[in-house]
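The structure appears below as structure tokens.
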Amino acid sequence: MTKDVDVVVIGAGFAGLRALHTLREQGKSVAVLEAGGGVGGVWYWNRYPGARCDVESYDYSYAFSEELEQEWRWTERYAAQPEILRYAEHVADRFDLLRDVHLHRWMSDATWDDAAGRWTVEVTVGEDGGSETWTGAHLIMAVGNLSTTKAPQWPGQDSFTGRILHSARWPHSGVDLSGQRVGIIGTGSSGMQMVPVVAKEADHLSVFQRTPNFSIAAANEPLTDERDAEVKAHYRERREAALNSPSGLGFKPSKQSALEATPDERRETYEKAWTRLGFGFVLAYYDLILDEKANETASEFIRDKIAEKVDDPATREKLTPRGFPFGAKRPSVDSGYFEAFNRDDVTLVDVKSDPIEALTPNGVRLASGTEHELDTLVFATGFDAMTGSLLRPEITGRDGLTLRRAWSEGPKTFLGPFVHGFPNFYIVAGPGSPSLLSNVLLSIEQHVDWLAALLAHAESRGATRIEATAEAQAQWVEHVNERARATLYPRATSYYNGDEVEGKPRVFMPYVGGVRGYRRILEKVRDDGYEGLTLD
Ligand code: N01
């Protein structure tokens with residue numbers, strides 16, 4: 001039986017929950033279809049040891065309800081995964097969202113019916129492959145940028161007699177790693193967070209590193225009642241500051257060039273940023289991500305920090321990032337990652353110089369023939385970022401155009417949410433918008449509010465179809481590329497550029513114009529009567 005609603009939302013992470021709440025308040029019927037067994041999105045799936053947010057808890061939380069802001073009590077400056085998941089569950093419960101969230105439903109395809117002016121969404125239900133059909137006048141993709149996992153397949157993988165886990169599909173029951181020889185492949189944010197925690201538990205840990213990356217010390221701490229009261233007394237100002245900052249973290253970069261400061265001034269600025277900014281460290285000076293020489297001053301500062309933490313010179317050298325600008329590849333925020341390599345029971349394996357050749361029944365064999373024996377092997381190998389979850393299902397818009405074909409040269413959007421040829425189809429905080437370069441929770445709320453206002457406006461005019469024009473989309477794509485080209489971002493091999501998946505078009509995907517600049521663009525488009533969109 002087909003189920004009909006006004007709006008179908010895919011994904012019950014922070015974006016999907018917020019869309020449900022806001023559109024329901026507008027009087028729309030909404031169905032949220034979620035592949036997982038609970039709400040929370042990335043925080044539902046990523047349960048690996050040490051998983052925690054690298055945006056401060058007070059900022060990585062919804063701003064739409066002052067009551068919610070005041071009543072929720074975060075316990076740490078950077079919340080750990082279980083606490084964030086509890087928060088998502090609390091929100092779902094508090095705003096009575098669950099009655100419209102349909103779990104264990106994976107969207108296999110969606111097709112626009114031009115005559116009816118509706119989307120038909122086909123869904124696989126549960127593990128046993130049942131199916132359902134939903135239709136909606138609008139389709140919102142709230143699927144997240146880091147949700148389709150990427151796991152390499154090595155020769156001999158099936159012969160490995162130990163256990164293979166992925167950081168983003170960690171068993172809900174937890175995993176006892178005590179007494180085990182554990183291997184972790186990948187040293188992005190997930191790997192770096194996991195290493196110090198697993199090192200304490202396992203008998204021995206081997207870390208397979210391909211590219212050493214920059215990381216900022218987390219400076220995590222418990223939140224005292226005084227601190228909590230202080231933040232809550234000024235929450236509106238904090239939110240305002242976030243909206244008016246480039247990253248949505250409330251921090252504005254110094255207007256001075258890093259190169260104009262004296263070495264002592266720079267050091268002082270960097271020391272302060274080190275304990276305050278997390279991955280916003282890249283904004284310590286405005287030109288760190290614009291100018292190679294300026295960037296090198298920050299890169300060198302971080303390399304010195306790493307050097308202070310690692311005892312063995314050979315290991316230290318292997319852990320030191322070089323050859324790409326700091327920040328151009330997403331830096332991590334870690335708690336004791338580098339120090340973990342001072343332990344006798346942790347080994348760093350450089351798989352750039354000696355690549356993994358195969359898995360064997362006992363572990364991992366490198367090209368040199370060296371074998372690392374393991375009981376558990378963890379893939380912290382990341383995601384098919386930004387486009388993975390949008391292109392895995394088959395999405396067909398007007399005149400049979402599929403999203404895969406429309407994006408065969410990389411994602412093309414108008415402002416991020418809109419794709420020409422796909423009426424009434426919206427992507428929340430995805431490619432073409434600040435998304436992964438911002439505090440994504442803020443970007444999610446910005447998109448949902450703006451889209452909700454657009455839908456209300458269209459309705460008030462009796463319009464039932466909303467679509468970006470080809471011209472507006474082409475101009476936005478050019479603008480996104482032009483802004484990216486003016487920065488150092490394209491100079492690293494990174495998932496921002498689509499480098500993480502072989503054969504993926506090399507296009508810089510997020511919008512580097514910043515949260516504040518982007519918000520102004522959205523406001524102007526709205527004030528100009530939604531120029532760039534056709535409302536019929
Ligand atoms: O994934 P990644 P992630 N052989 O893509 C390596 C967010 N996040 O899950 O760099 C060997 O960053 C790969 O090597 P290389 C955050 O936005 C946030 O760690 O490509 N190695 C890399 O080291 C983050 O950026 C939080 O050479 C292979 C690693 O695997 C994003 O999620 C916590 C390989 C993948 O790193 C993704 O992080 C966690 C191969 N075949 C995640 N394939 C916080 O809030 C891949 N690698 C703190």
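The values are calculated or read from the model by the stated rules, or taken from the named source; none is laboratory data. Remember, predicted model here, so these are calculated numbers, not experimental data. All Cβ positions, glycine included, derive from the backbone under ideal geometry; neighbour counts span all protein chains shown. Side chains included, ligands, DNA and RNA excluded: accessible areas come from the protein's heavy atoms. Shrake-Rupley method; radii C 1.70, N 1.55, O 1.52, S 1.80 Å.
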For region 172-196, the count of residues that are open to solvent by less than 30 Å² (accessible area, probe 1.4 Å) and over 20 Å from Tyr337 (Cα atoms) equals 1
Do any strands (runs of 3 or more DSSP E) entirely within region 349-399 hold 1 or more residues that are aliphatic (A, V, I, L, M), open to solvent by 60 Å² or more (accessible area, probe 1.4 Å) and farther than 22 Å from Phe338 by Cα, and if so, which? none
Given (1) part of a helix (DSSP H, G or I); (2) buried (at least 19 other Cβ atoms within 10 Å of the Cβ), Glu271 misses just (2)
Conditions (1) part of a helix (DSSP H, G or I); (2) of a type in the set (A, V, I, L, M, F, W, C); (3) open to solvent by 10 Å² or more (accessible area, probe 1.4 Å); (4) within 16 Å of the ligand (Cβ to nearest atom): number failed by Ala340: (3)
Of the residues Val515, Val477, Val507, Val501, which single one is of a type outside the set (Phe, Trp, Tyr), out of contact with any Asp or Glu (no Cβ under 9 Å at 6 or more places or on another chain), farther than 27 Å from Ala241 by Cα and surrounded by 14 or more Cβ atoms within 10 Å (Cβ to Cβ)? Val477
Any chance Gly16 is of a type outside the set (S, T, N, Q) and at positive phi: no
Of the conditions (1) open to solvent by 10 Å² or more (accessible area, probe 1.4 Å); (2) β-branched (Val, Ile, Thr); (3) farther than 20 Å from Ala474 by Cβ, Thr402 fails just one. Which one is it? (3)
Subset tally (residues that are in contact with a strand residue (DSSP E or B) (Cβ under 7 Å, 6 or more places away or on another chain) and of a type in the set (Gly, Ala, Ser)) for region 52-90: 3
Out of Arg77, Arg86, which single residue is open to solvent by 10 Å² or more (accessible area, probe 1.4 Å), under 20 Å from the mean Cα position of the chain (by Cα) and free of Cβ contacts under 8 Å to residues at least 24 places away in the same chain? Arg86
Region 202-217, residues that are more than 8 Å from the ligand (Cβ to nearest atom), more than 18 Å from Leu177 (Cα to Cα) and open to solvent by 10 Å² or more (accessible area, probe 1.4 Å): Pro212, Ala217
If you check Leu436, Leu454, Leu442, which single one turns out to be surrounded by fewer than 22 Cβ atoms within 10 Å (Cβ to Cβ) and within 23 Å of the chain's Cα centre (by Cα)? Leu436
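Which residues, counting only those in region 311-331, are in a loop (DSSP other than H, G, I, E, B), open to solvent by 30 Å² or more (accessible area, probe 1.4 Å) and not charged (D, E, K, R)?
Here is the first cut: in region 311-331, the ones in a loop (DSSP other than H, G, I, E, B) are 311-312, 320-325, 327-328, 330-331.
Pick out the ones that are also open to solvent by 30 Å² or more (accessible area, probe 1.4 Å) and you get 311-312, 322-323, 330.
The one that is in a loop (DSSP other than H, G, I, E, B), open to solvent by 30 Å² or more (accessible area, probe 1.4 Å) and not charged (D, E, K, R): Gly323.
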Residues to consider are Arg276, Arg227; find the one that is open to solvent by 10 Å² or more (accessible area, probe 1.4 Å), more than 22 Å from the chain's Cα centre (by Cα) and within 24 Å of Thr75 (Cα to Cα). Arg227
Restrict the check to region 51-64 and report whether at least one residue is surrounded by fewer than 20 Cβ atoms within 10 Å (Cβ to Cβ) and within 23 Å of Leu390 (Cβ to Cβ). no
Among (1) touching a helix residue (DSSP H, G or I) at 6+ places or on another chain (Cβ under 6 Å); (2) modelled with pLDDT of 95 or more, there is one condition Asp334 misses while meeting the rest; what is its number? (2)
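Going by the structure shown, is Glu122 more than 27 Å from Ser167 (Cβ to Cβ) and either surrounded by fewer than 20 Cβ atoms within 10 Å (Cβ to Cβ) or in contact with a helix residue (DSSP H, G or I) (Cβ under 9 Å, 6 or more places away or on another chain) (or both)? Let's see the steps before the verdict.
Numbers: more than 27 Å from Ser167 (Cβ to Cβ): yes; either surrounded by fewer than 20 Cβ atoms within 10 Å (Cβ to Cβ) or in contact with a helix residue (DSSP H, G or I) (Cβ under 9 Å, 6 or more places away or on another chain) (or both): yes.
For Glu122, the condition - more than 27 Å from Ser167 (Cβ to Cβ) and either surrounded by fewer than 20 Cβ atoms within 10 Å (Cβ to Cβ) or in contact with a helix residue (DSSP H, G or I) (Cβ under 9 Å, 6 or more places away or on another chain) (or both) - is met.
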Inside region 138-165, can you point out the residues that are surrounded by 21 or more Cβ atoms within 10 Å (Cβ to Cβ) and in contact with a strand residue (DSSP E or B) (Cβ under 6 Å, 6 or more places away or on another chain)? His138, Leu139, Ile140, Met141, Ala142, Val143, Leu146
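Going by the conditions given, is Lys352 over 30 Å from Pro222 (Cβ atoms), within 22 Å of the chain's Cα centre (by Cα) and either acidic (Asp, Glu) or within 13 Å of the ligand (Cβ to nearest atom) (or both)?
Values: over 30 Å from Pro222 (Cβ atoms): yes; within 22 Å of the chain's Cα centre (by Cα): no; either acidic (Asp, Glu) or within 13 Å of the ligand (Cβ to nearest atom) (or both): yes.
Spelling it out, it is not the case that Lys352 is over 30 Å from Pro222 (Cβ atoms), within 22 Å of the chain's Cα centre (by Cα) and either acidic (Asp, Glu) or within 13 Å of the ligand (Cβ to nearest atom) (or both).
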As an exercise: evaluate Ala151 against (1) within 24 Å of Leu403 (Cβ to Cβ); (2) at pLDDT 95 or above and give the number of the one condition it does not meet. (2)
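Quick grid of which residues meet (1) more than 28 Å from Leu442 (Cα to Cα); (2) touching a strand residue (DSSP E or B) at 6+ places or on another chain (Cβ under 9 Å); (3) modelled with pLDDT under 95:
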site: Phe251; (1), (2), (3): no, no, yes
site: Arg266; (1), (2), (3): yes, yes, no
site: Ala273; (1), (2), (3): no, yes, yes
site: Val282; (1), (2), (3): no, yes, yes
site: Ala294; (1), (2), (3): yes, yes, no
site: Ala298; (1), (2), (3): no, yes, no
site: Val310; (1), (2), (3): yes, no, no
site: Pro321; (1), (2), (3): yes, yes, no
site: Pro325; (1), (2), (3): no, no, no
